[in-house]
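Chemist: Following this message is one structure expressed as structure tokens.
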């Protein structure tokens, strides 16, 4: 029995969520193989081969996979599963935008119901996952011969990025469905830590009033080595780009410290951050629901409190 | 161009659900039900395509209980031309829903199929991608903008690293994200008119589709609760707590 983990990578580096996904695979048990699909992925493949607990890295390096188009990558994964004589019992991917895009497409090809965003492994066929914006936790059992699973990073501590010595196998088959093509991208550029993997996250909501005021949060974040997030209200209002949205349908974070500034605390936002170790809420409305989950609540004007905090830390 | 829309009846997004004491699921008795918010965005996008004369007909489909006719009538009031309900009284998983939608796609032969990216009850984010695989179509998930350009649809997608734009051959599947549009409200005259629009009721049996699933929910529990902590008065006190009590900075 072996588990195929789909690596998430960007800018020639392995994305940390891959390490959390390998951790989930270890809990299931079995040989762990990692697929690195992309273009010019030599450095990523080398990094994947060093990940603790990985037995084999499969490398599909071709322009057809350059932008993770699901029409091309899903058949590649399906082919690997069939070609390896059904040794794979599970296919796992991080619940990133790529993982969510590709995995259900793979599952449908195998007539399987995928299991999304697991937060715990109960056994090789039974998993826990949040539903209803995290207001309930379902325990789900899969009878599928091939279990197709996306992994919520916050549920699993990452394995070590170093210490492994996996064999590397080149996959030469190319799947180019010819149905879709990449046109362009606007990448968020930031020197701050990746939101999903940051130790500290500072987030702003509608209370920030405009995009310019987010500079206050960026200054505080830079003092703390933190990443910056936003509520849906702030993103909808154009204060912050979509890749900063924390919540039920945005990014799920669970940092050591989450500072919510001017965020009221809708259930959809709480779904994305309530597993943070320590939550600080700064809001001038003392009735704001965010205070019901905050370890430390400061009823104050954020335009005074945030600069003061930045000056004192 | 014919557009097919899929909408789902779900618990209203303002409702905080509670788990049943026998752990069999969440309690939906006497709870307000609505159209899934991402499906509302799908309806709006289809209506805008029709207003731009890009869509010629909008067919809206729902898989669910008889009561989902309410959500189909809402979509008709917003501008869909006719509706199809595939009536299924038990909750279905994404594979069954995708297979039923595929059967409707086979009948209707739409050029563009728009779904919400995720329903706010099961939070799966699977159906559109699975339907795309079953149909052999390209998929543009998490869309924040769509343009029709000849025999292609150009989709801008909200992804972890920012925005990605792809060109997909039609027919294609698009799933909506939050920034695609702001849904309108239906006017009273349109709500009245919608009552006269055609609504066809089908069943999985009539379509010859098995609704079995490879997944079974064993139990549903409440999450670990997180109580409110303490209120503090000053920024200096906050820093002291974070350094010495929580030890996170």
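Derivation of every value follows stated rules applied to the coordinates shown; laboratory data play no part. Bear in mind the structure is a predicted one, so any value in this text is a computation, not a measurement. Methodologically, a virtual Cβ is constructed for each residue, glycine included, from the backbone with ideal geometry; neighbour enumeration extends over all protein chains shown.
Chemist: Tell me, Kirkwood radius of the stretch A:1-148 from alpha-carbon pair distances, in Å?
Modeler: For the stretch A:1-148, the Kirkwood estimate is 15.3 Å.
Chemist: Let me ask you something else. Under 1.5 on a/c is rounded, so check that first for the stretch B:106-213, then, if it is not, pick prolate when a/b is larger than b/c and oblate when it is not; a ≥ b ≥ c are the square roots of the alpha carbon gyration tensor eigenvalues.
Modeler: Numbers: a/c = 1.55, a/b = 1.19, b/c = 1.31.
The shape class here is oblate.
Chemist: If you don't mind, there's one more thing I want to ask. If each residue's Cβ is checked for other Cβ atoms within 10 Å, how do A:92, B:85 rank with the fewest at the top?
Modeler: Working: A:92 26, B:85 22.
Going from sparsest to densest Cβ surroundings: B:85, A:92.
Chemist: Using Cα pairs closer than 8 Å and at least 6 residues apart in sequence, work out the relative contact order for the stretch B:51-131, in percent.
Modeler: Values: 84 pairs, mean separation 20.9, N = 81.
That works out to 26 percent.
Chemist: Let me ask another. Taking every DSSP beta bridge with both residues inside the stretch B:1-103, roughly what % is antiparallel (nearest 5)?
Modeler: 25
Chemist: Would you calculate the separation in nanometres between label points at residue B:29 and residue A:222, each defined as 7 Å from the Cα along the Cα-to-beta-carbon direction?
Modeler: Modelled inter-label distance: 5.8 nm.
Chemist: Right, next: Please state the Cα pair-distance histogram of the stretch B:51-113 with 5 angstrom bins from zero: what percent is in each bin?
Modeler: 4, 17, 25, 24, 19, 8, 3, 1
Chemist: Given R₀ = 22 Å, what would the calculated FRET efficiency be for residue A:1 paired with residue A:79, taking r from the Cβ atoms and rounding to 0.05? Spell out each step's value before the answer.
Modeler: Values: r = 19 Å, r/R0 = 0.89.
Rounded to the nearest 0.05, the efficiency is 0.70.
Chemist: For the stretch A:204-313, what class follows from the C-alpha gyration tensor (a ≥ b ≥ c being the square roots of its eigenvalues): rounded when a/c is under 1.5, otherwise prolate if a/b is larger than b/c, else oblate?
Modeler: Numbers: a/c = 1.25, a/b = 1.11, b/c = 1.13.
Rounded, since a/c falls under 1.5.
Chemist: Taking springs between alpha-carbon atoms closer than 10 angstrom, which of A:44, A:91, A:299 fluctuates most in the Gaussian network model of chain A?
Modeler: Checking each option, the largest mean-square fluctuation is seen for A:299.
Chemist: Which whole number of Å³ per residue matches the convex hull of the alpha-carbon atoms in chain A? Kindly include the intermediate steps, with their values, before the conclusion.
Modeler: On the way: hull volume 40.9 nm³, N = 313.
About 131 Å³ per residue, rounded to a whole number.
Chemist: For B:135, B:39, what's the fewest-to-most ordering of other Cβ within 10 Å of each Cβ? Before the final figure, lay out each step's value.
Modeler: Working: B:135 19, B:39 30.
Fewest-to-most Cβ neighbours within 10 Å comes out as B:135, B:39.
Chemist: As a test of the formula, what do you get for chain B when each DSSP H run with n ≥ 4 contributes -39,500 (n - 2.57) and the sum is divided by the residue count, at 222 nm and rounded to the nearest 500 deg cm²/dmol?
Modeler: -7500 deg cm²/dmol
Chemist: Please state the shape class of the stretch A:198-249: rounded when a/c is under 1.5, otherwise prolate if a/b exceeds b/c and oblate if not, all from the C-alpha gyration tensor.
Modeler: On the way: a/c = 2.39, a/b = 1.28, b/c = 1.87.
It is oblate, given that a/c is not under 1.5 and a/b is not larger than b/c.
Chemist: Still on this structure: R0 = 25 Å: FRET efficiency of residue B:216 with residue A:87, Cβ-based, nearest 0.05? Spell out each step's value before the answer.
Modeler: Details: r = 25 Å, r/R0 = 1.00.
For residue B:216 and residue A:87, the calculated efficiency is 0.50.
Chemist: A further question on this structure: Say each of residue B:22 and residue A:215 gets a label point 7 Å from the Cα, pointing the same way as Cα to Cβ; how far apart are those two points in nm?
Modeler: 6.1
Chemist: Say we join alpha carbon atoms closer than 10 Å with springs in a Gaussian network model of chain B; which of B:189, B:37, B:223 then has the biggest fluctuation?
Modeler: B:223
Chemist: Out of the DSSP beta bridges found with both residues in the protein assembly as shown, what percent are antiparallel (nearest 5)?
Modeler: Details: 42 of 118 bridges.
The antiparallel proportion sits near 35 percent.
Chemist: May I ask for the angle, rounded to the nearest 10°, between helix A:302-312 and the longest principal axis of chain A, with both axes built from Cα atoms and the value confined to 0 to 90°?
Modeler: So the inclination is approximately 80 degrees.
Chemist: Per residue of chain A, what 222 nm ellipticity follows from adding -39500 (n - 2.57) for every DSSP H run with n ≥ 4, rounded to the nearest 500?
Modeler: About -8000 deg cm²/dmol.
Chemist: Let me ask you something else. Express as a percent, rounded to the nearest 5, the fraction of DSSP beta bridges in the stretch A:44-201 (both residues included) that run antiparallel.
Modeler: Antiparallel bridges: around 45 percent, rounded to the nearest 5.
Chemist: Ok, one more. Arrange the following residues from fewest to most other Cβ atoms within 10 Å of their Cβ: B:234, B:127, A:249. Mind dumping the intermediate values first?
Modeler: On the way: B:234 12, B:127 29, A:249 23.
Fewest to most other Cβ atoms nearby, the residues stand as B:234, A:249, B:127.
Chemist: Highest GNM mean-square fluctuation, chain B, Cα pairs closer than 10 Å: which of B:226, B:179, B:157?
Modeler: Maximum among the listed residues: B:226.
Chemist: Helix A:97-109 against the longest principal axis of chain A: what's the angle in degrees, Cα atoms only, rounded to the nearest 10?
Modeler: Tilt relative to chain A: about 40 degrees.
Chemist: Give the angle, between 0 and 90 degrees and rounded to the nearest 10, that separates the Cα long axis of helix B:94-108 from the longest principal axis of the Cα atoms of chain B.
Modeler: The angle comes out near 20 degrees.
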